[in-house]
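Comments concern the structure below.
The values are calculated or read from the model by the stated rules, or taken from the named source; none is laboratory data. Every value quoted in this text rests on a predicted model; they were computed, and no experiment measured them. With ideal geometry, Cβ positions are generated from the backbone for all residues, glycine too; neighbour counts draw on all protein chains shown. SASA here: full protein model, heavy atoms, side chains in, ligands and nucleic acids out. Shrake-Rupley method; radii C 1.70, N 1.55, O 1.52, S 1.80 Å.
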Amino acid sequence: MHLYNALTRQKEEFKPITPGIVSMYHCGPTVYDKAHIGNLRSFVFADILRRVFEYDGFKVKQVMNITDVGHLASDADEGEDKMTAGLKREGLELSLSNMRSLADKYIRLFEEDTAALNIEKPHALPRASDFIPEQVALIKRLEGKGLTYVISDGVYFDTEKYPVYGKLGGIADVDYSRIGVNTEKKNPRDFALWKFNERLGWESPWGKGFPGWHIECSAMSMKHLGETFDIHTGGVDHITVHHNNEIAQSEAATGKPFAKYWLHNEHVLVNGEKMSKSKGNFFTLEDIISRGFSPLAYRYFLLQAHYRTQINFTWEALEASQNALNKLYDIFLSLPISSIGEESSVTRTHFLEALEEDLNTPLALAELWDVVRDRALSDEEKRATILDFDRVLGLGFVEQKREPVPNEVEILAKERENARAQGDFTKADEIRGEVEKLGYIVEDTPTGPRVRKA
Ligand code: AMP
Ligand code: ZN
């Protein structure tokens, strides 16, 4: 398996820490509002990664966090956090219990979205607010090493004391004024580990408040996967600040490498601009469903692009994906289920090779189309191969049900078969006409006649 690692800025062969096992952590949703379909790209990407490893015989330990506290607008350390903004938007009083219920509501919607997109549930979905003691312990560990300082609004990580700050690059281009100008900070790059808040928050050795956003990912990933684990993912917007900060605080605390491979999905765009809540140029999965598309058409749309390329969302493109997927379903449903076939090992190898090359899903989809068009494969082989590929693609072939053919049509098809067996082709053709009038088609295939809806 070769994966593009943002840490080394190159494609590398993947070597797990423990042979046969992959530990991975994904930056998950901030549950203050519905996810938009751009956010969902990063979860589909994480899902494909997991499925490819499992398809390849690895055992996967997959953790995704749920941010239900402390995520300030953009990467900022200043201003209002997103959960507080969510409470205000819904007219709820600022309290920890209301914040919990707000999160519960959006976690449910997140779970509905991910289920509709055939995203496998990660093995753990820890919530930041359930891990406050672990976050406090990690800040204390950093404090014990003299890597923090306290100013009037919180406890900060002192990046000067971590000379290799910015391991993933890009820090020269960060506009730190966006993060908020705080003249008390020693360096604009320094970031909040704990923010004081008298009104809302938890007690801590430094005062009441809540954890900074970055610390939750370090604390929860290490809690579930250990101080060093294999893969960390997120959207490309997380590289320069969030992920550089996660690395700094984790490696400074433990003295060990944090994640070994850093993978990032590119953005979904609308009219060439990043889809985002703040710009208002976003769609949700609900929008997709209400326009009559299936969520899996969106999954297909995403898989047509490599995860490291930007993808421009348009309704026309989604329609093309829906049509392509419907066509695949039709072909799949026309294949007999009578005998169980083996998947074709040659195509399986090509398919896996595509995915092992930094998750080349467009090529993997092309392999799927080659299978359905391949005249050298038997129907049974095709069916088995499509189902096998779908273990990774997750396009819902398994759930596709053939509509039962009415009895009347079955009887006519049998009569036609008898007529043909007796050499009475005129009668056979007449019966075929009757079947067609009922809205069905009889096809003669090498394995016998097949009846399907016209
Ligand atoms: P959030 O819920 O804001 O914490 O974001 C969840 C995930 O969505 C993060 O990994 C982001 O990097 C990612 N993300 C945000 N906007 C987009 C977008 N337009 N396209 C793809 N991924 C995105
Ligand atoms: Zn994170």
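Got a sec? What order do 111, 430 fall in by accessible area at 1.4 Å, biggest, i.e. largest, first?
Result, largest first: 430, 111.
For the chain, what is the mean residue ellipticity at 222 nm derived from helices alone (per DSSP H run of n ≥ 4: -39500 (n - 2.57); sum divided by total residues; nearest 500 deg cm²/dmol)?
Result for the chain, helices only: -13500 deg cm²/dmol.
For residue 319 and residue 415, calculate 0.36 nm times their separation in residues minus their Cα-Cα distance, and state this gained length in nm to one decimal.
30.5 nm
Return the whole-Å distance between the Cα centroid of segment 200-217 and the Cα centroid of segment 144-177.
Spelled out, the Cα-based centre of one part sits 17 Å from the other.
Using 1/(1 + (r/R0)^6) with R0 = 22 angstrom and r between the beta carbons of residue 405 and residue 429, what's the FRET efficiency to the nearest 0.05?
0.65
What do you get when you divide the Cα radius of gyration of the chain by 2.2 N^0.38 Å, with N the number of residues?
Taking the Cα Rg and dividing by 2.2 N^0.38 Å, one obtains 1.19.
Compute the long axis of helix 345-356 from its Cα atoms, compare it with the longest principal axis of the Cα atoms of the chain, and write down the angle in degrees, 0 to 90, nearest 10.
With rounding to tens, the tilt is 20 degrees.
Determine, from the Cβ-Cβ distance of residue 123 and residue 227 and an R0 of 25 Å, the FRET efficiency 1/(1 + (r/R0)^6), rounded to the nearest 0.05.
E between residue 123 and residue 227, to the nearest 0.05, is 0.85.
Please work out the Cα center distance from segment 263-335 to segment 18-40, rounded to the nearest Å.
After rounding, the separation between the Cα centres reads 18 Å.
Report residue 203's accessible area, 1.4 Å probe, all protein chains in place, as a number in Å² to the nearest 10.
Roughly 140 Å² of residue 203 is accessible to a 1.4 Å probe.
Calculate, for residue 176 and residue 15, the FRET efficiency according to 1/(1 + (r/R0)^6) with r their C-beta to C-beta distance and R0 25 Å; round to the nearest 0.05.
0.10
Under 11 Å from the Cβ of residue 8, count the other residues' Cβ atoms, weight Lys and Arg +1, Asp and Glu -1, and hand me the total.
+3
Per residue, how much accessible area does the chain have with a 1.4 Å probe, in Å²?
Dividing the accessible area of the chain by its residue count gives 44 Å².
What distance in nm separates the simple spin-label points at residue 98 and residue 279, each placed 7 Å from Cα in the Cβ direction?
3.2
As I understand it, the value is the acute angle between the Cα axis of helix 315-334 and the longest principal axis of the Cα atoms of the chain; what does it come to in degrees, rounded to 10?
The angle comes out at about 50 degrees.
Given axes a ≥ b ≥ c from the Cα gyration tensor, I'd like to know whether segment 59-155 is rounded (a/c under 1.5), prolate (a/b larger than b/c) or oblate.
Note, shape of segment 59-155 comes out oblate.
Given the whole protein assembly as supplied and a 1.4 Å probe, what does the accessible area of residue 129 come to in Å², nearest 10?
20
Sorted by accessible area (1.4 Å probe), largest first, how do 13, 342 line up?
Order by accessible area, largest first: 342, 13.
Share of the chain's accessible area from carbon and sulfur, percent, 1.4 Å?
Exposed carbon and sulfur together represent 50 percent of the surface.
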